[in-house]
Amino acid sequence: MSKLVPAVRSGDVLIPALGFGTWQLENGTARPLVEQALAAGYRHIDTAQIYRNERDVGAAIAASGIKRDEIFLTTKVWVDHFADGDLQRSAERSLEKLGVDHVDLLLLHWPKPAVPLAETLAALNEVRDRGLTRAIGLSNFPSAVMAAAQAVSKAPLATNQIEYHPYLSQKTLIAAAAATEAGTSITAWSPLAQGKVAQDPVLIRIGEAHGKTPGQVTLRWLIQQGVIAIPRTRTPARIVENFDILDFDLSEAEMAAIFALARPDGRIGNWLDDAFQWDAD
Ligand SMILES: NC(=O)c1ccc[n+]([C@@H]2O[C@H](COP(=O)([O-])OP(=O)(O)OC[C@H]3O[C@@H](n4cnc5c(N)ncnc54)[C@H](OP(=O)(O)O)[C@@H]3O)[C@@H](O)[C@H]2O)c1
C-alpha cells in the first residue's frame, strides 16, 4: 500500500495534501498526539497562535527526530497582531515557542478591517523576506478580500484555509483560488464537519464499497479534488485511520454524490467580521 501523500502546488511551495490539525488540543494534549501523527506518517502540522499549543507542537516535532525540512509546519497570526511591527514580533514569538528558526507557512487567521490590508500584507511579506517563513497565506478570506490581499502582496499567497467539507459547497471560493495567477491552493478546515460525516448514510454506503470509513471517504474526496485536508482527532486509532486514504480512488459518480450533500445551512464556524461577506456558495 502506497503511503506517499500527494503535494499540492501552492504559490511558490508544495504543501502535503494531508496534515494534522491541532485546534482545541490545549493543556499539553497536543504533544503526544502530534508525536503519534508524525510516527503515523503525517508530515504537515497545522497550529495557530490562538490555539495556545505552539510550545507543545514544537516539542513534539523536536522529540520526533524527523528532520525539520521533512515537516511542513503552519501557524497563523491572530487578528490582534495585524499592525506593522506587531505582526513581525508575534511571528518571532511563534518561532520561539515552536523552537524553530522558520515555519513553512504563516497565515492571517481571519480578515479584520481594523488595520489596512496593505499594512498587514507588507508586514507579512517582510517576515517572509527575513526567512522566518517559507510562504505566506490567508485563512477565512472570502474571494473579494482574497483578491484585494493578493493585489497588495509582493509574494504569492500560497493557500486560503477555509471551512470545507461535504455539507458546505465553497464552489465560488475554490474556483476563485484556482483562477489566481499566484496559484493559491485551498486548505480545508473542519474537513470532517467536526465528526458529523461519521453518521452520513451516503458516506457510509460509499465507504462500504471500498472497505473504508465515512471519515476516510470524506478526506479522499477532498484530496482527490486537489484540496489540502487537516483533520484533527484526540483518538490514537483515528490518527492512523485518517492517514489511511492513499490506497483507493473514488469514482466520478461517488465524487458527485458527495458534492450533492452540500446544503445552504452547512457552515459550522462563523467568526467573519461584519465588514465582509461570504461568497454565495
Ligand atoms: N483556520 C481556521 O479558522 C480554522 C478553524 C477551525 C479549524 N481549523 C484547523 O482545522 C483542523 C480540523 O478542524 P476541526 O478540528 O474543527 O474539525 P474536524 O477535523 O473536521 O473534526 C474533528 C472532530 O472529528 C472527530 N473525528 C476525527 N476523525 C474522525 C473519524 N475518522 N471519524 C469520525 N470522527 C472523527 C474528532 O473526534 P475525536 O477527537 O474524539 O477523535 C473531532 O471531534 C483544526 O484542528 C485546525 O487545525 C482552522
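The values are calculated or read from the model by the stated rules, or taken from the named source; none is laboratory data. From a predicted model like this one, the values you see are computed outputs, not experimental measurements. Ideal geometry is used to build each Cβ from the backbone, glycine not excepted, and the neighbour counts take in all protein chains shown.
As a summary of the residue check, residue 62 satisfies the conditions (1) in contact (Cβ under 8 Å) with a residue 40 or more places away in the chain; (2) away from the ligand (no atom under 15 Å from the Cβ); (3) of a type in the set (A, V, I, L, M, F, W, C) except for the one numbered (1).
Yes or no, residue by residue, for (1) among the charged types (D, E, K, R); (2) closer than 17 Å to residue 21 by Cα:
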{"position": "158", "(1), (2)": "no, no"}
{"position": "165", "(1), (2)": "no, yes"}
{"position": "172", "(1), (2)": "no, no"}
{"position": "175", "(1), (2)": "no, no"}
{"position": "180", "(1), (2)": "no, no"}
{"position": "186", "(1), (2)": "no, yes"}
{"position": "196", "(1), (2)": "yes, yes"}
{"position": "204", "(1), (2)": "no, no"}
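In a residue-by-residue description of the range 222-235, the property of being part of a helix (DSSP H, G or I), touching a Ser or Thr at 6+ places or on another chain (Cβ under 7 Å) and near the ligand (Cβ under 10 Å from one of its atoms) applies to no position. Can we say residue 238 is away from the ligand (no atom under 14 Å from the Cβ) and out of contact with any strand residue (DSSP E or B) (no Cβ under 6 Å at 6 or more places or on another chain)? No.
Beta carbons closer than 8 Å, at least 6 apart along the sequence or on distinct chains, pair a first residue in the range 189-215 that is part of a helix (DSSP H, G or I) with a second that is among the charged types (D, E, K, R) and within 6 Å of the ligand (Cβ to nearest atom) for 215/238; 215/241.
Looking only at the range 151-161, decide whether some residue is modelled with pLDDT of 95 or more, assigned to a helix (DSSP H, G or I) and farther than 22 Å from residue 9 by Cα. Full working, then the answer.
Residues of the range 151-161 that are modelled with pLDDT of 95 or more, as a first pass: 151-161.
Of the ones still in play, those that are also assigned to a helix (DSSP H, G or I) are 151.
Narrowing the set further to residues that are farther than 22 Å from residue 9 by Cα leaves none.
So far as the range 151-161 goes, no, none of its residues is modelled with pLDDT of 95 or more, assigned to a helix (DSSP H, G or I) and farther than 22 Å from residue 9 by Cα.
When the range 75-92 is limited to residues that are over 15 Å from residue 118 (Cα atoms) and touching a residue at least 40 places away in the same chain (Cβ under 8 Å), the one that is farthest from the ligand (Cβ to nearest atom) turns out to be 92.
Scanning the range 169-187 for residues that are surrounded by fewer than 21 Cβ atoms within 10 Å (Cβ to Cβ) and touching an Asp or Glu at 6+ places or on another chain (Cβ under 9 Å) returns 169, 171, 172, 176, 182, 183.
Being under 22 Å from residue 264 (Cα atoms), modelled with pLDDT of 95 or more and in contact with a strand residue (DSSP E or B) (Cβ under 9 Å, 6 or more places away or on another chain): is that true of residue 132 here?
Values: under 22 Å from residue 264 (Cα atoms): no; modelled with pLDDT of 95 or more: yes; in contact with a strand residue (DSSP E or B) (Cβ under 9 Å, 6 or more places away or on another chain): yes.
Against the criterion (under 22 Å from residue 264 (Cα atoms), modelled with pLDDT of 95 or more and in contact with a strand residue (DSSP E or B) (Cβ under 9 Å, 6 or more places away or on another chain)), residue 132 does not qualify.
The set of residues from the range 236-281 being charged (D, E, K, R), surrounded by 10 or more Cβ atoms within 10 Å (Cβ to Cβ) and within 14 Å of residue 169 (Cβ to Cβ) comprises 263, 267, 279, 281. Within the range 98-130, the residues that satisfy the criterion of being within 16 Å of the ligand (Cβ to nearest atom) and either assigned to a strand (DSSP E or B) or surrounded by fewer than 15 Cβ atoms within 10 Å (Cβ to Cβ) (or both) are 103, 104, 105, 106, 107, 108.
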